[in-house]
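Structure, as structure tokens:
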Amino acid sequence: MRILAAILVAATVAGCTTTPRDPSLVWLRLDGIPIEDNAERTEQFLIDKANCDERVAEARADEKRNEPLYTVMLSCMTEHGYKTGYL
């Protein structure tokens with residue numbers, strides 16, 4: 001039984017170290033227009049993201065929440081016209 005537990009722990013740790021977070025995953029506009037090329041779009045993105053960060057904070061405080069926080073952020077950003085993607 002201890003051997004099985006050790007194998008499970010080793011597999012879990014190995015999985016964590018072999019799947020690094022991809023730094024090229026970013027928020028993109030649904031219409032395809034670049035955010036960073038325009039100060040007005042950049043400002044609007046920061047406002048939209050701050051609003052969604054607030055929604056995530058509210059969801060985190062809700063003990064009855066059954067939706068993952070990432071899903072809260074993703075649906076909020078989608079409502080504001082963004083999606084996740086890779087550069």
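The values are calculated or read from the model by the stated rules, or taken from the named source; none is laboratory data. Quantities reported herein were computed from a predicted structural model and do not represent experimental measurements. We place every Cβ from the backbone using ideal geometry, glycine too, and count neighbours over all the protein chains shown.
Between residues in the stretch 13-35 that are closer than 14 Å to Thr84 by Cβ and at pLDDT 85 or above and residues that are surrounded by 10 or more Cβ atoms within 10 Å (Cβ to Cβ) and basic (Lys, Arg), which pairs lie under 9 Å by C-beta distance while being six or more apart or on different chains?
Note: pairs meeting the criteria are Trp27/Lys49; Trp27/Lys83; Leu28/Lys83; Arg29/Arg41; Arg29/Lys83; Leu30/Lys83; Ile35/Arg29; Ile35/Arg41.
Kindly establish whether Gly81 is under 12 Å from the mean Cα position of the chain (by Cα) and small (Gly, Ala, Ser).
no
Out of the residues in the stretch 36-52 meeting the condition of being surrounded by 12 or more Cβ atoms within 10 Å (Cβ to Cβ) and out of contact with any His (no Cβ under 9 Å at 6 or more places or on another chain), tell me which one is modelled with the lowest pLDDT.
That would be Asn38.
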